[in-house]
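These notes are about the structure you will find just below.
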């Protein structure tokens, strides 16, 4: 993808979030969840640099048919792909998945116990308000492991997902 392209999830990408049919790496799944048709490749690369080679991950997701790109040269393209409700995960579930996979990917093997404890707390969240209650802990854990900017970007996406539901 070119730097000024705007990645968007395809219908298959939306379904993958809910159904988890492919064995995506935590980094690829986190990036897939973060893609919402509003940021260029350059913006995603800058804000998600903690994931590693964002361009390579985007290429992998595109090769799997989970994302596509629109040229962003003229004006921003805001794309919405409609997916049957039965195939898309509810926003609360998407946020739980995003937070869990981000903590696990950010902490790696050495932070296994911290990640495990956070995952247990996530499993007991059933509402948007309960999830928001874990945001400060998420920010502390991921901010320390990666960067505060990265944690804030993930939480911003989590907030926008919760606003949809």
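Throughout, read-outs are computed from the coordinates displayed, never taken from laboratory work. From a predicted model like this one, the values you see are computed outputs, not experimental measurements. All Cβ positions, glycine included, derive from the backbone under ideal geometry; neighbour counts span all protein chains shown.
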Report task. Which order do the peptides 10-17, 22-29 take when ranked by the mean count of other beta-carbon atoms within 10 Å per residue, highest first? Result -> 10-17, 22-29
Report task. For the chain, list log₁₀ I(q)/I(0) at each q in 0.13, 0.15 Å⁻¹, using the Debye formula over Cα point scatterers of equal strength and ignoring solvent, two decimals each. Result -> -0.59, -0.79
Requested in this report: Mind jotting down the three principal axis lengths of region 91-164 based on Cα atoms? Whole angstrom, largest first.
Outcome: 34, 25, 16
Report task. Would you mind listing how long region 1-74 runs along its three principal axes, going by Cα atoms, in whole Å with the largest first? Result -> 35, 25, 18
Report task. Before rounding to the nearest 500, sum -39500 (n - 2.57) across all DSSP H runs of length at least 4 in the chain and divide by the residue total; then give [θ] at 222 nm in deg cm²/dmol. Result -> -19000 deg cm²/dmol
